[in-house]
1. Can you pull out every residue in region 3-38 that is buried (at least 21 other Cβ atoms within 10 Å of the Cβ) and assigned to a loop (DSSP other than H, G, I, E, B)?
2. Being surrounded by fewer than 20 Cβ atoms within 10 Å (Cβ to Cβ) and closer than 27 Å to residue 392 by Cβ: is that true of residue 271 here?
3. Considering only helices (runs of 4 or more DSSP H) fully contained in region 340-459, which possess at least 1 residues that are farther than 28 Å from residue 321 by Cβ and out of contact with any helix residue (DSSP H, G or I) (no Cβ under 9 Å at 6 or more places or on another chain)?
4. Have a look at 350, 409, 342, 326 and point out the one that is modelled with pLDDT of 95 or more and closer than 19 Å to residue 75 by Cβ.
5. Here are the criteria: (1) closer than 30 Å to residue 69 by Cα; (2) surrounded by fewer than 19 Cβ atoms within 10 Å (Cβ to Cβ); (3) in contact (Cβ under 8 Å) with a residue 24 or more places away in the chain. Tell me which single one residue 294 does not satisfy.
6. Is it true that some residue in region 111-133 is in a helix (DSSP H, G or I), more than 20 Å from residue 69 (Cα to Cα) and touching a helix residue (DSSP H, G or I) at 6+ places or on another chain (Cβ under 6 Å)?
7. Kindly indicate which of 150, 143 is within 22 Å of residue 32 (Cα to Cα), part of a helix (DSSP H, G or I) and touching a helix residue (DSSP H, G or I) at 6+ places or on another chain (Cβ under 6 Å).
8. Does residue 56 satisfy the condition of being touching a helix residue (DSSP H, G or I) at 6+ places or on another chain (Cβ under 6 Å), surrounded by 22 or more Cβ atoms within 10 Å (Cβ to Cβ) and within 18 Å of residue 136 (Cα to Cα)?
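The values are calculated or read from the model by the stated rules, or taken from the named source; none is laboratory data. Remember, predicted model here, so these are calculated numbers, not experimental data. Cβ atoms come from the backbone with ideal geometry, glycine included; neighbour counts cover every protein chain shown.
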């Protein structure tokens, strides 16, 4: 692009061709924006770090004015966003050309992308398996090679879970690093964070440089980085002290493949000269889990009521999936006092973890408790509406911690099991310290490259 050897419209047409060819197999893109993308690519573009690069926007939270936003729900089907979110504005300012919106579970509530409205996204490594969620459509699109990176957001692991399932790099930034405005100050009292899923560490860092920073009126924001994140890629991480553990806060067992991925990562980090110590923060697991559930159910009620107020529509059970309606009705019974008690318990956990991290640069675990699950495993039924939500606790026992603490965390694709499925490992850093994550991630990427690994469904 910078050498004028290719035009933006050529890049966009290439992305459209790949989406059209591969999407029938994996159902990653549910709202094509081809004509809008062609128009943008043919006109004057900002001189940004990604000028002319095709990009996909997850159909949840971030809005694109004039384009449908359904959030995976029949309740919002046909709704068209009135304005861009601040994050979308920053994507455009960086020169990205948004060519479509990606699939997500209904309101992002479960860690698999199988909405009733749009149908399941399928994992490019094995189309009978989940992509993870809730940024599963974005992960499938990147893994298949439709685009080099795609937007995601993360309220309990929704960037890191699909990154692990699809063999990609997924970083959840520090709380407040990216804006949620102008619609929101924060979501779920700070559990939700915005960023992207990428193939390379470099692209994740450069994209975060383009989008990070407070918006006008934000209730809080992350500590400013010492230098651009892009400069951390390839920088010497030094000798890091890394705690590691396979113990889960909820006591569920961890699959042998995920244990093997952890052991492999420990050995690799030791080979690279880092100090590895088996240790984990001491937290009141039951209180934190109960607090997270109360915040999550309260959030579901708020989100549906917020959309009802904005659209003038009336929530009716038949418009929602069983698990969504169950969480919505459960949330209506949570008092304001119970919600604040839950927040207190989550914040107590965050302080315990922060004290633990004084002695360690990073904390390493598996990303997930199991390899990518067969599609349908997390599907709830009218007879058992909470089935998927309860079963998810076995699949996702590690990632919610950093949503509660606000720490930056990443899933790194270092391991594939005997069935050829990717198994991510998960590193978290001290609050505000994405720099250490990017330094280590780029070191791991150089030692154990993954960009050449391509799934059966890919370009």
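1. Listed by number, the residues that qualify are 27, 28, 33.
2. For residue 271, the condition - surrounded by fewer than 20 Cβ atoms within 10 Å (Cβ to Cβ) and closer than 27 Å to residue 392 by Cβ - is not met.
3. 434-447
4. That would be 326, the only listed residue that is modelled with pLDDT of 95 or more and closer than 19 Å to residue 75 by Cβ.
5. The number of the failed condition is (2).
6. no
7. The conditions single out 143.
8. Criteria met by residue 56.
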